[in-house]
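Visitor: Can you keep this structure in mind? I'll have questions shortly.
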Amino acid sequence: MSKVVLLAINAKYIHSSLSVWVLAGGIAQYSRLFHVVEIVEATINQEDSEIVSLVAAQTPDVVGISTYIWNAAKLHGLLSSLRKRLPDTVFVLGGPEASHNADHWIAQGADYIIQGEGEQSLPNLLDQLETHRTQGTQGDGSPVRFPIAQENRPLVFLVFPIDPYSDKYFAELGGRMAYLETSRGCPFSCAFCLSGDSSLRFFPIDSVKDQIKRLAMSGSRTIKLVDRTFNCNTERAYELFEYIIGLDTDCCFHFEVAADLFDEKTLSLLATAKPGSIQLEAGIQSFYPPALEASSRSGDIDKAEQNITSLLQAGNIHLHLDLIAGLPYETLPDFQRGFDRAYALGSHTLQLGFLKLLHGSALREQAASLGICYSPDPPYEITSSPWLSADDLQTLKKAENALQRTYNKGRFLSTLEYVLSATGISPFSLFLSLGNSAPNHGTALDTYAMQLFECFTLFPEVDDMLLKDKLTWDWLSMVKGKNTPAFLKRQDPRSKEASIQAEKHLCHPIRREELTTLNSGKTIYVDSQSRNPVTGLYKVHVL
């Protein structure tokens, strides 16, 4: 009998790991020998010594670690510390980082690399290690080790896939974000992604529904599906959407989708979902045809735009759009035009991401011939290319900083809308101006509001008093229980009569900071008990 620790190192505490629980299920299902399996979940923000102590406390014979771009940098030092503390333990690495960079991780101290899917190959390796451990050792008494990569073929889920959701899983979940896999692989082969490497397979839909129901009752507020293109099978996606919409749950389900693949039937169904119960993340990536072609990115952009507009019109679904800066042949002006086109769609989040040259991706293999330079360290982000200089990327970073601190957090939305309307400048230009004048790196929100005001009043078309009114409205809608910044406050006191009228309308008391008078003379107040489940904003009323 061997003792096995499966170690997950998540990006944040609120995240949970799916992979280690799937692997634990695979060990239970496919191992010929008995292995005691313990799960340890940590985060990249924990000290190495703390993680080492958590693992060492289990006295493991084998430690398996899931590797990703978000934890690869931490693993270099952590693996060394684990090896020192547990010199006789066998270390097995898997996941996308190790799968596509096996020699590197062997050199870093891993004994074995599981390449690809591990549900069957890891149990097989554990059985072999246990046989060697019990039948013989090397001359110095240390365990027999074979620093080779274990490779397996893609699993074919013809019967019943492994169910990772054990009682122990739910006990450990503790309300954190849960993850669910209903299919594996991807029908597309985007050159910047790894998901198209394996064949597309769907898990039995009845077992998926059972898992969805159990997760919906787990206490987790968000359930994120890891399917790379959830709606690639339209009929199957419809059936699962319909099942989720019919559940009596307060959970929010998050899906990664291709916006151009929705049909009218599915769009009509999604319009019936309870507000806030479904989030959709659609990867537009680029509006520039040469960049899409060079990235082997297929899809109908015009159809995607139509469907995004339709989804947003219903007002019940949070929609997240992705763009990637740094794709081949797309210059800064090209990207700016695409950004403005995406912004005009009005999604709730517009992610401005930067190309990452992942191990195993086609673009990483082509990078040298294309002249793309990137960081050698995770997450291997682009640093320059023939189409984007290092200065261009810094320009994009400044705009991204402002976008992330305002629009993508649902902050200052009416202010942004007013300034764009008053000035007529493009969205990208506005965010770049803000990024240049008010770089936000941990700035207090009231200080940042003042920086926004100072930046936007530099535009001659902007009325200072109207701008203050917009900022005040936004402040009440996005902040609960915090006084309006001093520079936005009027000198005249709030009237008792106004408070009485507001409370009569809301049918509950309001605090002093929840009511104010604008420069226009209007009195506004916020209902701090009424928060939009899609946007996260509080309802503001005019008296």
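The values are calculated or read from the model by the stated rules, or taken from the named source; none is laboratory data. None of these values were measured; they are calculated from a predicted model. Cβ: placed from backbone, ideal geometry, glycine included. Neighbour counts: every protein chain shown.
Visitor: Looking at segment 323-339, can you tell me whether even one residue there is assigned to a helix (DSSP H, G or I) and over 19 Å from residue 429 (Cβ atoms)?
Guide: Scanning segment 323-339, I find no residue that is assigned to a helix (DSSP H, G or I) and over 19 Å from residue 429 (Cβ atoms), so the answer is no.
Visitor: Identify, from the list 406, 423, 457, 415, the residue that is on the phi < 0 side of the Ramachandran plot and within 26 Å of the chain's Cα centre (by Cα).
Guide: Only one candidate qualifies: 406.
Visitor: Do the conditions hold for residue 500, that is, is it surrounded by 14 or more Cβ atoms within 10 Å (Cβ to Cβ), assigned by TED's automatic domain parsing to the domain that holds residue 420 and β-branched (Val, Ile, Thr)?
Guide: Criteria not met by residue 500.
Visitor: Being surrounded by fewer than 20 Cβ atoms within 10 Å (Cβ to Cβ), modelled with pLDDT under 95 and of a type in the set (Gly, Ala, Ser) is true for just one of 276, 299. Which residue is that?
Guide: Of the residues listed, the single one that is surrounded by fewer than 20 Cβ atoms within 10 Å (Cβ to Cβ), modelled with pLDDT under 95 and of a type in the set (Gly, Ala, Ser) is 299.
Visitor: Of the numbered conditions (1) of a type in the set (A, V, I, L, M, F, W, C); (2) surrounded by fewer than 20 Cβ atoms within 10 Å (Cβ to Cβ); (3) at pLDDT below 95, residue 438 satisfies every one except a single condition; which is it?
Guide: Checking residue 438 against (1) of a type in the set (A, V, I, L, M, F, W, C); (2) surrounded by fewer than 20 Cβ atoms within 10 Å (Cβ to Cβ); (3) at pLDDT below 95, the one that fails is (2).
Visitor: Still on this structure, please answer the following. When you scan segment 111-134, do you find a residue that is more than 25 Å from residue 29 (Cβ to Cβ) and at pLDDT below 90, even just one?
Guide: Looking for residues that are more than 25 Å from residue 29 (Cβ to Cβ) and at pLDDT below 90, one finds none in segment 111-134, hence no.
Visitor: Any residue in segment 468-479 that is surrounded by fewer than 18 Cβ atoms within 10 Å (Cβ to Cβ) and of a type outside the set (Val, Ile, Thr)?
Guide: no
Visitor: Right, next: Can you name the condition, by its number, that residue 49 falls short on among (1) among the small types (Gly, Ala, Ser); (2) modelled with pLDDT of 95 or more; (3) under 23 Å from the mean Cα position of the chain (by Cα)?
Guide: All conditions are met except number (3).
Visitor: May I ask you to verify whether residue 465 is buried (at least 18 other Cβ atoms within 10 Å of the Cβ), out of contact with any helix residue (DSSP H, G or I) (no Cβ under 7 Å at 6 or more places or on another chain) and in the same structural domain as residue 406 (by TED's automatic domain parsing)?
Guide: no
Visitor: So if I check each of 286, 218, 195, which one is farther than 21 Å from residue 338 by Cα, buried (at least 16 other Cβ atoms within 10 Å of the Cβ) and in contact with a helix residue (DSSP H, G or I) (Cβ under 6 Å, 6 or more places away or on another chain)?
Guide: Going through 286, 218, 195 in turn, just one is farther than 21 Å from residue 338 by Cα, buried (at least 16 other Cβ atoms within 10 Å of the Cβ) and in contact with a helix residue (DSSP H, G or I) (Cβ under 6 Å, 6 or more places away or on another chain): 218.
Visitor: Would you confirm whether or not segment 518-529 contains a residue that is among the acidic types (Asp, Glu), over 38 Å from the mean Cα position of the chain (by Cα) and farther than 22 Å from residue 422 by Cα?
Guide: no
Visitor: Provide a single number: the residues in segment 54-88 that are under 14 Å from residue 9 (Cα atoms) and either without any contact (Cβ under 8 Å) to a residue 12 or more places away in the chain or of a type outside the set (D, E, K, R) (or both).
Guide: 19
Visitor: Still on this structure, please answer the following. Hand me the list of strands (runs of 3 or more DSSP E) wholly inside segment 475-543 holding 2 or more residues that are within 30 Å of residue 350 (Cα to Cα) and not hydroxyl-bearing (Ser, Thr, Tyr).
Guide: Hits in segment 475-543: 523-531, 538-542.
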